[in-house]
Amino acid sequence: MKQSASGNVAAVFPERCGWVESGLQWRSFIFNDIVLKWTHHVGACYDGAVITRYDGPQYDRIDYNVGFYFPKEIVSSQTPTPSPVTRSFYQRMFEQCLIKYGCISTFSASREPLPPAVLT
């Protein structure tokens, strides 16, 4: 028997680490083509009872951009570990700019992926 991070004595269960990604995509109103794909990545480790720690940095990335969307500031937060359930929140602001008119709008993209324990 080993003691888990939660303080409970549990059957021997090795810590497993994994990651989840959650993303959004935007389409053109006129042609329905994809114009922007954005992904949030977070990793965590699980010992059979609780999520013990975050594994590596959380980050976001732009997978596809037609060139009119420019990333701006970021807001992020994570709940403390160890915990049976954790949440990782990431919000990126984007600015939409057109050559002829300049920047015409600002919008936010945010995702909260599933807890990593769901994927174990």
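Can you sort C97, C103 so the residue with the fewest Cβ neighbours within 10 Å comes first?
The fewest-first ordering by Cβ neighbours comes to C103, C97.
Computed over Cα pairs, the Kirkwood radius of the stretch 13-119 leads via Stokes-Einstein (1.002 mPa s, 20 °C) to a diffusion coefficient of 140 µm² per second. Each of V75 and D33 was given a label point 7 Å from its Cα along the Cα-to-Cβ line. The distance between the two points is 3.3 nm.
Neighbour counts of other C-beta atoms within 10 Å: give me W19, W26 arranged from fewest to most. Intermediate results must be reported in sequence, preceding the final value.
On the way: W19 15, W26 18.
Fewest-to-most ranking of W19, W26: W19, W26.
Listed by Cβ neighbour count within 10 Å, with the fewest neighbours leading, Y46, Y69 appear as Y69, Y46.
For the stretch 13-119, relative contact order (Cα pairs under 8 Å, six or more residues apart, normalised by length) works out to 25 percent.
Only the coordinates and a few stated rules stand behind these numbers; no lab work does. Since the structure is predicted, the reported quantities are computational estimates derived from the model, not experimental observations. Here Cβ is always computed from backbone atoms with ideal geometry, including for glycine, and neighbour counts include all displayed protein chains.
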